[in-house]
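In what follows, a single structure is set out as structure tokens and then discussed.
Just so it is clear, none of the values below were taken in a lab; they were calculated from the coordinates. Please read all numbers here as calculations on a predicted model, not as lab measurements. All Cβ positions, glycine included, derive from the backbone under ideal geometry; neighbour counts span all protein chains shown.
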Amino acid sequence: AHGAITCQHGPEECLLNTVEACAIDAWPDVKVHLGFIYCVSDLVMKNKHREWESCIQKQGLDPRPVTECYKGERGHNLSLEYGKQTAALVPPHQFVPWVVVDGKPLYNDYGNFKAYVCKAYKGYPLLEACRSLGLEADNNVYGPL
């Protein structure tokens, strides 16, 4: 059974959602697929989204796994799965990006993402990226006791 997929901004958004789902599937390393997705998002912001395939070349990646995926059953199934995950969000998402840290949505404050992640981080020592935020007092500066 083929579930129908509709996207808020039409079929081109659906295509890019599927392409990005396929990229995550094809390149599970977050540094790889995030670089690709960032490139595609940048093109979308410049209204050049039809050039998304250039992001594969810019990243020096093999286009075949993503191409085969988004044109086939696998891409459709991945899109359905991500759609189910989005529909299951509690509270439901109201817009994008919908950023959640420790189960709590950041609403419009996603620009302070790093501060939220750093406050939620319970490890020791404090992450290098968090040091400039002055959160040391909130974390256990003595390490595990």
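Please report Rg over Rh for region 7-52, where both radii come from the alpha carbon positions and Rh follows the Kirkwood definition. Radius of gyration over Kirkwood radius for region 7-52 works out to 0.98. Counting neighbouring Cβ atoms within 10 Å and putting the fewest first, the residues THR18, THR67, THR86, THR6 line up as THR6, THR86, THR67, THR18.
Here's the list of lysines a cross-link from LYS58 could span, going by alpha-carbon distance under 23 Å and ignoring same-chain residues fewer than 8 apart: LYS31, LYS46, LYS48, LYS71. Here each label is just a point 7 Å from Cα along the line to Cβ, and for MET45 and SER132 those points are 1.8 nm apart. Label-to-label distance, LEU34 versus HIS9, with points set 7 angstrom from Cα along the beta-carbon direction: 2.2 nm. The distance from the alpha carbon centre of region 58-83 to that of region 42-56 is 16 Å, rounded to a whole number.
Would you kindly give the portion of the calculated P(r) for region 34-104 that falls above 14 Å, as a percent of all Cα pairs? More than 14 Å apart: 71 percent of the Cα pairs in region 34-104. Given the alternatives (i) 25, 19, 14; (ii) 33, 19, 15; (iii) 30, 20, 11, semi-axes √(5λ) of the Cα gyration tensor in Å as computed for this entry is given by (ii).
In summary, the aspartates and glutamates within cross-link reach of LYS122, defined as a Cα separation below 15 angstrom excluding same-chain residues under 8 places away, comprise ASP102, GLU136, ASP138. Between GLN57 and TYR121, take the C-beta separation as r, use R0 = 25 Å, and let me know the FRET efficiency to the nearest 0.05. For R0 = 25 Å, the calculated efficiency reads 0.10. With the helix formula -39500 (n - 2.57) applied to DSSP H stretches of n ≥ 4, the chain reaches a computed 222 nm mean residue ellipticity of -14500 deg cm²/dmol. Each Cα pair under 8 Å and six or more residues apart adds its separation to the average, and for the chain the resulting relative contact order is 17 percent.
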